[in-house]
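Participant: My questions all concern the structure below.
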Amino acid sequence: MAAERHSPVAIRQSLVRLGHLCFDDFLLLAPQTLDFGLRTSDLASDWSLALNNAPHVLRHFLSSANLQSAICNLQSSVALEDVHAAQQRLVTHFAYDLLRAKAPPLYDALPWHDWDFSIVTRRFPLW
């Protein structure tokens, strides 16, 4: 049970709820921010679904070379539930970037910034 709460997906879902993240928050990101995330995962099909119902986000990312295949594969008849599910998967996948762009003070206040570096400095001398 505890391992499920600390899984990467569960943490990202918590960040989505904490920051009230939605698909429109992608407007806060530069197209270059998505480059690494798109190269390391298979999200092209989700992008082609999600952009069907978000023309403003589509316009924002028209210049992204990594999204060109998704933009070319937009489908004309898609169920709205499928579009929302794809948007939610993308928001969950990019939760760290979206939260950092939407609410920097909240992102900076998260506990992973409270590291105890004395453990490292005791083992490895730093100059």
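Participant: What are the ³J(HN,Hα) couplings of region 94-107, residue after residue, when phi is run through the Karplus curve with 6.51, -1.76, 1.60 and θ = phi - 60°? Round to Hz, x for glycine and proline.
Facilitator: For region 94-107, the Karplus curve yields 9, 4, 4, 5, 5, 5, 5, 7, 7, 9, x, x, 5, 4 Hz.
Participant: Separate question: Taking θ = phi - 60°, what integer Hz values does the Karplus form 6.51 cos²θ - 1.76 cosθ + 1.60 yield along region 45-57, in sequence order, with x for Gly and Pro?
Facilitator: Karplus-based 3J(HN,Hα) across region 45-57 equals 5, 5, 5, 5, 6, 5, 6, 4, 10, 9, x, 5, 6 Hz.
Computed from the coordinates by the stated procedures, all read-outs in this text should not be read as laboratory data. All values reported here derive from a predicted model rather than from experimental measurement.
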